[in-house]
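The next block holds one structure in the form of structure tokens; read it before the comments.
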Amino acid sequence: MYDFTYAKPASLADAAKALGADAEAKALAGGMTFIPVLKQRLNKPSTVVDLSALGLNYIKLEGGKLMIGAMTPHGSVAASADVKKAIPALAELAGNIGDRQVRYRGTIGGSLANNDPSACYPSAVLALGATIKTNERSIATDDYFQGMFTTALNPGEIITEVQFPIPEKAAYAKFANPASRYAMVGVFVAKTAGGVRVAVTGAGQNGVFRHAAFEAALAKSFTPDALNGIATPVGDMNADIHGSAAYRAHLVGVMAKRAVAAAK
């Protein structure tokens with residue numbers, strides 16, 4: 001680990017100032033990816049800006065929307081009565097991220113800012129049509145995810161809150177790597193007021209993506225059988241030591257059917 005300066009600002013304005021003043025400064029949320037990267041000397045920040053004192057750990061259910069502060073840990077989302085009431089699929093997803101240690105340190109904002117191609121949260125916010133709020137603006141999730149580990153965030157921009165509209169029904173199905181618990185394939189299905197949305201994580205070469213063919217079929221009939229015969233293009237799939245592109249393409253269909261069957 002390289003030497004760096006540590007800062008723990010007490011206000012969002014001070015955190016944004018610290019990050020904006022130095023291109024080599026990095027924000028620290030839960031640190032579930034960042035700390036291992038530092039230990040491996042794969043990143044050399046000048047300053048680590050700890051976001052834990054900014055008051056961004058909260059969950060609110062107001063006006064037909066579920067609002068989750070960016071520094072809210074996965075474990076809090078999983079245990080929240082408001083989340084279980086409004087979007088039970090989101091609570092279930094959060095409760096199956098990583099292990100107990102990860103769930104009590106990792107945060108929703110950190111996960112979305114990192115945009116790991118195998119993370120669970122990106123599929124949820126994309127399928128639910130959530131809005132990502134920052135210290136600068138509000139970003140629709142269809143515009144937010146821009147590729148593997150790539151987002152619409154500007155340098156120094158800080159996620160402050162995620163706003164979820166309440167779906168009619170939703171569910172998440174994940175085929176997890178048995179060691180890391182990351183999704184080899186995860187599919188989040190949501191039936192919303194604006195239509196059916198299906199988002200896939202862990203499988204695509206460019207990270208999380210919406211599955212247009214599944215959405216069109218489920219809009220006509222929201223049943224697992226509606227997905228029969230719809231293939232996911234193998235050429236768009238990721239391949240690694242854990243599974244081939246063809247295997248992942250097959251799993252996308254299997255997980256999507258399970259999600260539809262479980263949606264409530």
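The values are calculated or read from the model by the stated rules, or taken from the named source; none is laboratory data. As the structure is a prediction and not an experimental result, all values here were calculated from the model. Backbone-built Cβ (ideal geometry, glycine too); neighbour counts: all protein chains shown.
Please state which of the following conditions Ala140 fails to meet, knowing it meets all the rest: (1) exposed (fewer than 15 other Cβ atoms within 10 Å of the Cβ); (2) out of contact with any Ser or Thr (no Cβ under 7 Å at 6 or more places or on another chain); (3) hydrophobic (A, V, I, L, M, F, W, C); (4) on the phi < 0 side of the Ramachandran plot.
(2)
Under 6 Å between Cβ atoms, which residue pairs at least 6 apart in sequence (or on different chains) link something in region 120-140 that is more than 26 Å from Ala176 (Cα to Cα) and in contact (Cβ under 8 Å) with a residue 60 or more places away in the chain with a partner that is assigned to a helix (DSSP H, G or I) and among the hydrophobic types (A, V, I, L, M, F, W, C)?
Every condition considered, the pairs that remain are Asn135/Leu12; Asn135/Ala16.
For (1) more than 16 Å from Asp236 (Cβ to Cβ); (2) outside the structural domain of Ala18 (by TED's automatic domain parsing); (3) not in a strand (DSSP E or B), each residue gets a yes or a no:
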| residue | (1), (2), (3) |
| --- | --- |
| Tyr172 | yes, yes, no |
| Ser180 | yes, yes, yes |
| Phe188 | yes, yes, no |
| Val198 | no, yes, no |
| Phe214 | no, yes, yes |
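Within region 98-110, track down each residue that is out of contact with any Gly (no Cβ under 7 Å at 6 or more places or on another chain), buried (at least 20 other Cβ atoms within 10 Å of the Cβ) and in contact (Cβ under 8 Å) with a residue 60 or more places away in the chain.
Gly109, the sole residue that qualifies.
Do the conditions hold for Ala217, that is, is it at pLDDT 95 or above, under 17 Å from Ser118 (Cα atoms) and touching a helix residue (DSSP H, G or I) at 6+ places or on another chain (Cβ under 6 Å)?
Considered against the rule, which asks whether it is at pLDDT 95 or above, under 17 Å from Ser118 (Cα atoms) and touching a helix residue (DSSP H, G or I) at 6+ places or on another chain (Cβ under 6 Å), Ala217 comes out as no.
If I filter region 130-149 down to residues being closer than 21 Å to Ser118 by Cα and among the small types (Gly, Ala, Ser), which single residue comes out as nearest to the chain's Cα centre (by Cα)?
If we take residues in region 130-149 being closer than 21 Å to Ser118 by Cα and among the small types (Gly, Ala, Ser), then Ala130 is nearest to the chain's Cα centre (by Cα).
Being in a strand (DSSP E or B) and among the β-branched types (Val, Ile, Thr) is the filter; apply it to region 148-162 and report the residue that is surrounded by the most Cβ atoms within 10 Å (Cβ to Cβ).
Looking at residues that are in a strand (DSSP E or B) and among the β-branched types (Val, Ile, Thr), I get Ile159.
Residues Asn135, Asn177: which one is modelled with pLDDT under 95 and either of a type outside the set (Gly, Ala, Ser) or buried (at least 17 other Cβ atoms within 10 Å of the Cβ) (or both)?
Asn177
Answer yes if at least one residue in region 210-229 is surrounded by 13 or more Cβ atoms within 10 Å (Cβ to Cβ), in contact (Cβ under 8 Å) with a residue 60 or more places away in the chain and out of contact with any Phe, Trp or Tyr (no Cβ under 7 Å at 6 or more places or on another chain), and no otherwise.
yes
What residue, among those in region 26-70 that are farther than 23 Å from Gln163 by Cα and of a type in the set (Val, Ile, Thr), is farthest from the chain's Cα centre (by Cα)?
Thr47
What do you reckon, is Ile87 out of contact with any strand residue (DSSP E or B) (no Cβ under 9 Å at 6 or more places or on another chain) and touching a residue at least 24 places away in the same chain (Cβ under 8 Å)?
When the stated conditions are applied, Ile87 does not pass them.
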